[in-house]
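The values are calculated or read from the model by the stated rules, or taken from the named source; none is laboratory data. Keep in mind it's a predicted model, so treat the numbers as computed, not measured. As a convention, Cβ positions derive from the backbone with ideal geometry for all residues, glycine included, and neighbour counts pool all protein chains shown. Surface areas here come from the heavy atoms of the whole protein model, side chains and all, with no ligands, DNA or RNA. Shrake-Rupley method; radii C 1.70, N 1.55, O 1.52, S 1.80 Å.
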Amino acid sequence: MTAQTAFRSAPADNAFLRDVVAGLTARPKRLPPKYFYDEAGARLFEAITALPEYYPTRCELALLDAYAADLARLIPPDAALIEFGSGSTRKVRILIAATPAIAAYVPVDISTEMLAQEAQALQRDHPRLMVVPVEADFTRAFALPTAIAGMARVGFFPGSTIGNFEPSDAADFLRHAGNMLGAGAGLIIGVDLIKDKALLDAAYDDAAGVTARFNLNLLARINRELGADLDLSGFEHRAFYDVERCRIEMHLVSRRPQRVRVAGRTIDFRAGETIHTENSYKYTLESFVALARAAGWSPVAVFTDGMFAVHALRWTGEG
Ligand code: AVI
């Protein structure tokens, strides 16, 4: 399992129960996308990244490959590379292989098992690299390891996971990352671009129905972990690009009126009522730079193929 995502979530706990009950009793109904990534969800996400319609992963990997030497030149000597929501090391391996200046790698992820496995494998392949995994939810404050004290710092946030944040939360995260990385820090971040609606619609509603299964797995997870009785055949996947809001919206639509039990509560659905499960914001090169600037980062370089962008930013703390 190698899903690269910021949103791999912890096992079921009270927070999951609370968020599900709050989300399904809200109007309109919603569920937080971070709960997509249980084991089955992470596997489905991995399958999404290989779909012909889902271009972001392929485009970003190709950009990292093509511009690895340019990115390497932006990384100062003896730098520590801190990856937010590391998951798989597939992308960071490209940077590390091209950049002898990287002395330490700090993958930050909430999934202990995957973090340890991937860190060990990377350490085996790069014996001189200091690999210091940190188990944490990177969207919250966490302490950087003392082992990298005094080293230049560069953040790495690939995958366009920033697009799954509301723009104001994205700005908050960028500011929080800058404050944590500190003066002079760099950030290499993958951002999906606004493009033709048909391409975006297809990327989130693929012909093989993998994204539909990924979306529906959220309900299966609620059944598995919270003892609910949601009938998956009573819901269908809906995903579309909203041109005005510059975002993909994903929903689960109730096919009929139905009543379900979730953790002792009764929840009613009207026919056609939706649960809003995810937004995936898309940016232009300029709109992302404006967001980054307002959050204290100044642009250094951008690498793009017109579909996806990898931005290199420098922390100024002003914005
Ligand atoms: C993890 N994240 C960047 C993906 C995206 O494209 O927004 C999640 C995803 N949802 C459906 N397909 C992929």
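Quick one: which residues, 5 or more positions from Glu273 or on another chain, have an amide H under 5 Å from its amide H? H modelled 1.01 Å from N in the peptide plane, none for Pro or chain starts.
The list, which skips near neighbours in sequence, is Ser254.
Between Val243 and Arg270, what is the label-point separation in nm under the 7 Å Cα-to-beta-carbon projection?
With each label placed 7 Å out from Cα toward Cβ, I get 2.8 nm.
Please turn the phi angles of the stretch 306-318 into ³J(HN,Hα) values with the Karplus equation 6.51 cos²θ - 1.76 cosθ + 1.60 (θ = phi - 60°), one per residue in order, whole Hz, x for glycine and proline.
x, 9, 9, 9, 10, 9, 10, 10, 10, 7, 10, x, 9
Taking a probe of 1.4 Å, how large is the accessible area per residue of the stretch 76-141, in Å²? The partial results should precede the final answer.
Numbers: 2880 Å² over 66 residues.
Accessible area per residue, the stretch 76-141: 44 Å².
I need the phi-derived Karplus couplings for the stretch 191-202: 6.51 cos²θ - 1.76 cosθ + 1.60, θ = phi - 60°, integer Hz, Gly and Pro marked x.
Per residue, the Karplus-derived 3J(HN,Hα) values read 9, 7, 9, 4, 8, 3, 4, 5, 5, 5, 4, 5 Hz.
Relative contact order of the stretch 115-228, please, whole-number percent, based on alpha carbon pairs below 8 angstrom and at least 6 residues apart.
Details: 67 pairs, mean separation 23.8, N = 114.
The value is 21 percent.
Is it possible to state the helix-based mean residue ellipticity at 222 nm for the chain, with each DSSP H run of 4+ residues giving -39500 (n - 2.57), the sum divided by total residues, to the nearest 500 deg cm²/dmol? What is it?
Working: 10 runs with 112 residues, N = 319.
Taking each H run of at least 4 residues, the total per residue is -10500 deg cm²/dmol.
How large, in percent, is the carbon and sulfur part of the accessible surface of the chain at a probe radius of 1.4 Å?
On the way: 7000 of 13190 Å².
C and S atoms contribute 53 percent here.
How big is the chain along each principal axis, measuring the range of its Cα positions in Å and listing the largest first?
61, 38, 36
Which distance in nm do the two modelled labels at Asp65 and Asn179 give, with both placed 7 Å along the Cα-to-Cβ direction?
4.0
Using a ≥ b ≥ c from the Cα gyration tensor of the stretch 17-96 (square roots of the eigenvalues), is it rounded, prolate or oblate, where a/c under 1.5 gives rounded and otherwise the larger of a/b and b/c decides, a/b for prolate? All intermediate terms of the calculation are to be shown ahead of the outcome.
Details: a/c = 2.99, a/b = 1.99, b/c = 1.50.
Prolate.
Give the relative contact order (percent, whole number) for the chain; include only Cα pairs under 8 Å separated by 6+ residues. Kindly include the intermediate steps, with their values, before the conclusion.
Details: 654 pairs, mean separation 63.6, N = 319.
Taking the mean separation of contacting Cα pairs over the length of the chain, I get 20 percent.
Measure out, as a whole number of angstrom, how far apart the alpha-carbon centroids of the stretch 233-304 and the stretch 73-133 sit.
30
How about the stretch 254-297: which trypsin sites (Lys or Arg not before Pro) there are in a DSSP loop, with at most 12 other Cβ atoms within 10 Å of their Cβ? Spell out each step's value before the answer.
Details: sites: Arg255, Arg259, Arg261, Arg265, Arg270, Lys282, Arg293; in loops: Arg255, Arg270, Lys282.
Answer in residue order: Arg270.
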